[in-house]
Amino acid sequence: MVKQSRSTRGRLGGLPDPERWAYSQGDHELRCFRWAHPGKPAFLLVHGIGMGHLTFNRFIEAMLPHAEIIAVDLPGFGDSPEPEAALSIADTAELVAAAMRAATTERGIGPLIAVGHSMGAQVVSELAAAHPGMVDRVVLFAPSVNAAERTLKQQAKRMVQDLFKGKPLIAIVVGVYEYLRTGPRWFLKKLGPTLEHRIEDTLPRVQQPALVLVGSRDRVTPPEWCYEVALALPHGELTVLGGPGHEAMIGEGEAAAERVLHWLEA
């Protein structure tokens, strides 16, 4: 079911106010935000666990002159209400696919360049593998979960290390705000399916051109792991960004946008 959605937040930093709507299946509701730019490539942005579409604020601002942007808040994150149970990563991708299929029909949106951050990269990889006609290209930013550390204890340790490893203030502010909105209950519910999903099993089925991005100081999904991700993709390429760690999309959004545009042109 698709319904229009309005927010009292108005503007997100320096961004113009987007079109908003919601798509739901049962109690799983997806909030969608669109910055229309007819004739330009259409990007779909999928955030990581504990986050919302605000993760991409700087990336969106840098991309707007060059692209149409659709960002989503997955169920239980950002502006989306919390459902009773957490979907698997594959089922989350199917929910996104259904929402984008409805958006394509109603809004004339073409094939998507799907961008996923952290857990969102897992969702995007499943989306691209299952719906190649919907996804034209793929960008996986700090793709989780590192196969060598797929436990709650190891991931918690890495997240704490990453938090205190030279993280810029903007990443801390946005990260804390989004994590507080999510809350520990839903975070832990969604963490189970995130740790269970094996992205390395999905990557060989992603036939689209794919760019893997990672921050050089990322302790959660380190460059060494992201190199393995790029190798597992049939048409993968890796770029390591200098500066922040796992939340580099927040602090280095402009650099990420520049690299993505260069990749598209090449």
### Task
Among the residues of region 215-250, write down those that are part of a helix (DSSP H, G or I), within 14 Å of SER118 (Cβ to Cβ) and among the small types (Gly, Ala, Ser).
ALA248
#### Entry: Matching residues in region 25-51 - criterion: being of a type outside the set (A, V, I, L, M) and in a strand (DSSP E or B)
GLN25, HIS28, GLU29, ARG31, CYS32, PHE33, ARG34, TRP35, PHE43
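Scan region 58-96 for residues that are within 18 Å of ILE113 (Cβ to Cβ) and not β-branched (Val, Ile, Thr) and report the count.
So the count comes out to 12.
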#### Entry: Answer residue from region 25-40, given it is of a type outside the set (Lys, Arg) and buried (at least 19 other Cβ atoms within 10 Å of the Cβ) and is farthest from ASP91 (Cα to Cα) among those
TRP35
#### Entry: Tally, over region 216-254, of residues that are of a type in the set (Gly, Ala, Ser) and at pLDDT 90 or above
3
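The values are calculated or read from the model by the stated rules, or taken from the named source; none is laboratory data. Keep in mind the model is a prediction, meaning the values are calculated, not measured. Virtual Cβ from ideal backbone geometry, glycine too; neighbours counted across all protein chains shown.
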